[in-house]
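Peer 1: Attaching a single structure in structure tokens format; questions to follow.
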Protein chains: 2
Amino acid sequence: MIERVKTAMKELIKSYAARLEPQLYAAVGEKDGLTKTIYEAAGYSLKAGGKRLRPVLMLMFAELLGLAEQDVMPFACALEMIHTYSLIHDDLPAMDNDDLRRGKPTNHKVFGEAMAILAGDALLNMAAETVSAARCSIPAGRVLAAVHELFSASGTKGMIGGQVIDIESEGRAVSLETLQKLQLLKTGALIRAAGRVPAVLAAADEQQLEAITQYCENLGMAFQIRDDLLDVYGSTEELGKRIGSDEANQKTTYVSLCGMEKSEQLVEEYTGKAVASLDIFGDKAAQLKELAVYLTNRRS
Amino acid sequence: MIERVKTAMKELIKSYAARLEPQLYAAVGEKDGLTKTIYEAAGYSLKAGGKRLRPVLMLMFAELLGLAEQDVMPFACALEMIHTYSLIHDDLPAMDNDDLRRGKPTNHKVFGEAMAILAGDALLNMAAETVSAARCSIPAGRVLAAVHELFSASGTKGMIGGQVIDIESEGRAVSLETLQKLQLLKTGALIRAAGRVPAVLAAADEQQLEAITQYCENLGMAFQIRDDLLDVYGSTEELGKRIGSDEANQKTTYVSLCGMEKSEQLVEEYTGKAVASLDIFGDKAAQLKELAVYLTNRRS
């Protein structure tokens, strides 16, 4: 990917994130004396950075579909809250037992296990509070359907289901089929929601919904395989987390099942499918297409 | 309380619970091969019994306000899911570290810590899925407002906030004022939601909403003080959990702050206030009034 496009993509993501973050942080801005620790703990992880990939994707789809950004913003914030809570709980000693996340000590390392569990709970709950408080110009029935789309993605038939398969697969031989199911749920479901929630809010037609779903699912797969590759050849400094952790945890990944060369090839294939699926939107989808190429070619 | 009324109340609660439980259990009835453990773990705690106090209260308020039971049922299920998830997470080693709940091994004792954390997450998420999937005759805008009422009660300004104060108070001297705030949030917020959610769904007027709120808050206080008293003089057999656990955990309770006699007096006062607040509903509120007396005089 040429350097000029890379820079443009970085700037684009930054500009969306810059509009998202003040609204995201407002939810943890509370300073109530007795309960302030929970806002600090939740805020600590919310503010720890990250690419804001999911909410940025959602805002870009909102634009593609002609929605007002402010109408989708509560959902974008909720999506990032859900993603963040899942990281906090994933890092817990009983789960992946990670000390470092995005270059900083994990939540339980700073606030203790009890508060980290509660901070995760609080962020998931906050997501539900945020989307149900939304005052917008979209009919309430559609907002309710979008709430359902979001929480279906984060629940047992989505992200949590993926996490269950992940936990139960540790230390076992895992088939490619199971690995695909795992990734489609664990990482894929929230990325899928980033596209489908605005589609529901905009009452997109079947063809559009299908195209958006295809883009998200293929992007999710390519993104995850890139992640597996980065775990092997990335460096702790660049990624801000332990590398080689998959191997240390005996986790089956695309790389361990298919090898690096085939994995690189799969990234390219999935990315190509993601890009092609948006053809029905014409030029309006140019940025989303570039984003897919940018994200799946990242080196950190 | 005379024996005949007690029996009638028990039967009444049972009949509401009997209509609730099949719908509650349907949410964890999934049998998907790869993710079945999460449904088993969530179902284990959902089915572990308990009084179903919160959803039964909600269904009784729905009846008082003339709502169709089926329109409120998803919220009643969600409320019990939220209550159950909070118990699973409260019992974790990092929190209260309890081995026994409702006479059975706690969730993490059966399914392990990782799965117990996920089962809690899953139930909270399921609550959001359930209320947003509701197809009912109530306008969507009001349903959305009721969703917000529910998750405000379970979040950092409600139940989670109370849990934070609880954790931070352990081993410290706690004032009566802080203890009241703690209880009003930790136990009180969900009981409050049991009344306020149907009020929002029914578009109750200000006076009704205030009366219902008063009933719930006073009932919640009386209920909690009764709980503190039972922890002292109850028996493990009757309660199905360790007794004397408050003292062992050095937790401040109404009993430790005010003594048993004063605590008994407070139960009576709060119960009286709860009962009186429903006067504006006339005879229609007779069962809810009896329920308050029944619940706050319980011996197990």
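Peer 1: Any idea which of B:ASP71, B:ASP98 is charged (D, E, K, R) and either in a helix (DSSP H, G or I) or facing another protein chain (nearest Cβ under 9 Å) (or both)?
Peer 2: The conditions single out B:ASP71.
Peer 1: So, B:ALA153, is that one more than 9 Å from every other protein chain (Cβ to nearest Cβ) and crowded, with 23+ Cβ neighbours inside 10 Å or not?
Peer 2: Yes; evaluated as a whole, the condition is true for this residue.
Peer 1: Which one is modelled with the lowest pLDDT, of the residues in the range B:17-70 that are charged (D, E, K, R) and under 30 Å from B:ALA204 (Cβ atoms)?
Peer 2: Residue satisfying both the conditions and the ranking: B:LYS51.
Peer 1: Go through the range A:70-81 and give me each residue that's farther than 12 Å from A:GLU21 by Cα and surrounded by fewer than 24 Cβ atoms within 10 Å (Cβ to Cβ).
Peer 2: A:GLN70, A:ASP71
Peer 1: Moving to a separate point now. Out of B:GLY29, B:GLY33, I need the residue that is outside any helix (DSSP H, G or I), within 14 Å of chain A (Cβ to nearest Cβ) and out of contact with any helix residue (DSSP H, G or I) (no Cβ under 8 Å at 6 or more places or on another chain). Which one? Break it down into steps so the answer makes sense when it comes.
Peer 2: Working: B:GLY29 fails: out of contact with any helix residue (DSSP H, G or I) (no Cβ under 8 Å at 6 or more places or on another chain).
Result of the check over B:GLY29, B:GLY33: B:GLY33.
Peer 1: If you scan the range B:277-300, which residues turn out to be exposed (fewer than 15 other Cβ atoms within 10 Å of the Cβ) and either touching a Ser or Thr at 6+ places or on another chain (Cβ under 7 Å) or among the small types (Gly, Ala, Ser) (or both)?
Peer 2: Residues satisfying the conditions are B:GLY282, B:ALA286, B:SER300.
Peer 1: Now a separate question. In the set B:LEU118, B:LEU57, B:LEU87, which member is buried (at least 24 other Cβ atoms within 10 Å of the Cβ), within 13 Å of another protein chain (Cβ to nearest Cβ) and touching a residue at least 40 places away in the same chain (Cβ under 8 Å)?
Peer 2: Criteria check complete, one pass: B:LEU118.
Peer 1: Quick one: A:PHE111 ticks every box in (1) within 28 Å of B:ASP32 (Cβ to Cβ); (2) more than 10 Å from chain B (Cβ to nearest Cβ); (3) buried (at least 18 other Cβ atoms within 10 Å of the Cβ); (4) not charged (D, E, K, R) except a single one, so which number is it?
Peer 2: Here A:PHE111 clears every test but (1).
Peer 1: Say we look at the range B:128-141 and pick out the residues that are more than 8 Å from chain A (Cβ to nearest Cβ) and closer than 30 Å to B:LYS181 by Cα; which of these is surrounded by the most Cβ atoms within 10 Å (Cβ to Cβ)?
Peer 2: Across the range B:128-141, the extreme among qualifying residues is B:VAL131.
Peer 1: Sort out which residues of the range B:175-186 are crowded, with 22+ Cβ neighbours inside 10 Å and not basic (Lys, Arg), and write them in order of number.
Peer 2: B:LEU179, B:LEU182, B:GLN183, B:LEU185 - these are the residues of the range B:175-186 that are crowded, with 22+ Cβ neighbours inside 10 Å and not basic (Lys, Arg).
Peer 1: Can you tell me which residues in the range B:156-176 are assigned to a helix (DSSP H, G or I), facing chain A (nearest Cβ under 9 Å) and not small (Gly, Ala, Ser)?
Peer 2: B:MET159, B:ILE160, B:GLN163, B:VAL164, B:ILE165, B:ILE167, B:GLU168
The values are calculated or read from the model by the stated rules, or taken from the named source; none is laboratory data. The structure displayed is predicted, hence computed values, not measured ones. Note: ideal-geometry Cβ built from the backbone for every residue, glycine included; neighbour counts use all protein chains shown.
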